[in-house]
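Every number in this text was worked out from the coordinates using simple rules, so none of it is lab data. Small disclaimer: the values here were computed from a predicted structure and weren't measured. Glycine also receives a Cβ, built like all others from the backbone with ideal geometry; neighbour counts cover every protein chain displayed.
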Protein chains: 2
Amino acid sequence: MPSPEQIRATVHRYLELVAEGTAAEIAALYAEDATVEDPVGSPVHQGRAAIEQFYSALEAVQNKTELFALRIGGENEAAFSFRVVTETGDQTITIDPIDVMTFDENARITSMRAFWSPADIAFA
Amino acid sequence: MPSPEQIRATVHRYLELVAEGTAAEIAALYAEDATVEDPVGSPVHQGRAAIEQFYSALEAVQNKTELFALRIGGENEAAFSFRVVTETGDQTITIDPIDVMTFDENARITSMRAFWSPADIAFA
């Protein structure tokens with residue numbers, strides 16, 4: 001099982017890469033057959049190729065991320081609240097999701113579920 | 001399916017009752033065969049009687065609760081970060097969990113999983 005420190009490191013690296021990484025770098029944090037449900041209730045993306053495709057939309061915009069709270073659950077799960085601020089050029093989009101992740105023995109992400117809804121998005 | 005407003009009302013009522021309610025009142029927010037895993041990784045309490053028993057420990061202490069962020073996911077799920085401050089008489093215990101809940105069509109809680117670990121508890 002991954003250590004809490006390994007899980008923390010993966011979550012911190014994930015938020016760094018959402019801000020400044022490539023879709024391929026983000027996808028590499030995931031296990032080969034991982035799943036992404038973002039937001040919860042939307043179709044699930046399964047496998048690294050689909051996950052890289054999902055994150056490729058991030059590459060066209062400028063993002064900043066901030067971790068608010070990270071809680072480890074049991075041996076291989078975590079929930080964390082954070083902020084993503086996206087600058088599209090025309091506007092600033094702020095959203096504060098709560099993500100739930102599971103991890104494999106190397107602290108690669110095996111599943112991610114992002115809790116947020118359109119009502120949680122702020123435009124400025 | 002419950003409306004987002006019904007889910008929000010249940011979560012707010014839950015935190016009110018954790019602060020000032022009885023274990024029976026809290027258990028009544030749960031569906032009959034609901035499950036509670038608090039913290040994640042610990043044995044699951046199933047059914048209202050077991051859930052009431054679990055919350056009965058709260059009745060001996062003074063609690064205050066504060067909701068930080070509530071995010072609805074899909075049709076019947078939510079994640080929320082919050083604070084519980086417990087006054088035992090001798091000390092003040094502060095913990096900021098992230099809970100994940102599912103709900104039935106009447107917005108009764110069908111499952112609760114609380115993400116926190118002993119490292120997240122502050123004593124004063």
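Could you check the range B:21-49 and list, in sequence order, the residues that are assigned to a helix (DSSP H, G or I) and in contact with a strand residue (DSSP E or B) (Cβ under 8 Å, 6 or more places away or on another chain)?
Matches in the range B:21-49: B:ARG48 only.
Counting only residues that are of a type in the set (Lys, Arg) and within 13 Å of chain B (Cβ to nearest Cβ), which one in the range A:60-104 is surrounded by the most Cβ atoms within 10 Å (Cβ to Cβ)?
A:ARG71
Which of the numbered conditions does A:ALA107 fail, given that it passes all the others? Conditions: (1) exposed (fewer than 15 other Cβ atoms within 10 Å of the Cβ); (2) in contact (Cβ under 8 Å) with a residue 60 or more places away in the chain; (3) at positive phi.
A:ALA107 satisfies every listed condition except (1).
Would you check which residues across the range B:74-114 are closer than 25 Å to A:PRO43 by Cβ, out of contact with any Pro (no Cβ under 6 Å at 6 or more places or on another chain) and in a strand (DSSP E or B) and list them?
Within the range B:74-114, B:GLU77, B:ALA78, B:ALA79, B:PHE80, B:ILE98, B:VAL100, B:MET101, B:THR102, B:THR110, B:SER111, B:ARG113 meet the criteria.
Restricting the first residue to the range A:22-44 and requiring it to be within 14 Å of chain B (Cβ to nearest Cβ) and under 13 Å from B:GLY73 (Cβ atoms), which pairs with a second residue that is of a type in the set (A, V, I, L, M, F, W, C) and not in a strand (DSSP E or B) meet a Cβ separation below 6 Å and a spacing of at least six or different chains?
If the second residue must be of a type in the set (A, V, I, L, M, F, W, C) and not in a strand (DSSP E or B), the pairs left are A:GLU37/A:VAL44; A:PRO39/A:TRP116.
Can you name the number of the only condition in (1) in contact with a helix residue (DSSP H, G or I) (Cβ under 7 Å, 6 or more places away or on another chain); (2) surrounded by 14 or more Cβ atoms within 10 Å (Cβ to Cβ) that B:GLU32 fails?
Every listed condition holds for B:GLU32 apart from (2).
If we keep just the residues of the range B:115-124 that are part of a strand (DSSP E or B) and over 19 Å from A:ARG83 (Cβ atoms), which is nearest to the other protein chains (Cβ to nearest Cβ)? Don't jump to the end; show me each part of the working.
As a first pass, look at the range B:115-124 and keep what is part of a strand (DSSP E or B): B:115, B:121-123.
This time we only want the ones that are over 19 Å from A:ARG83 (Cβ atoms), so: B:121-123.
Details: B:ILE121: 11, B:ALA122: 13, B:PHE123: 18 Å.
Checked the range B:115-124; the qualifying residue nearest to the other protein chains (Cβ to nearest Cβ) is B:ILE121.
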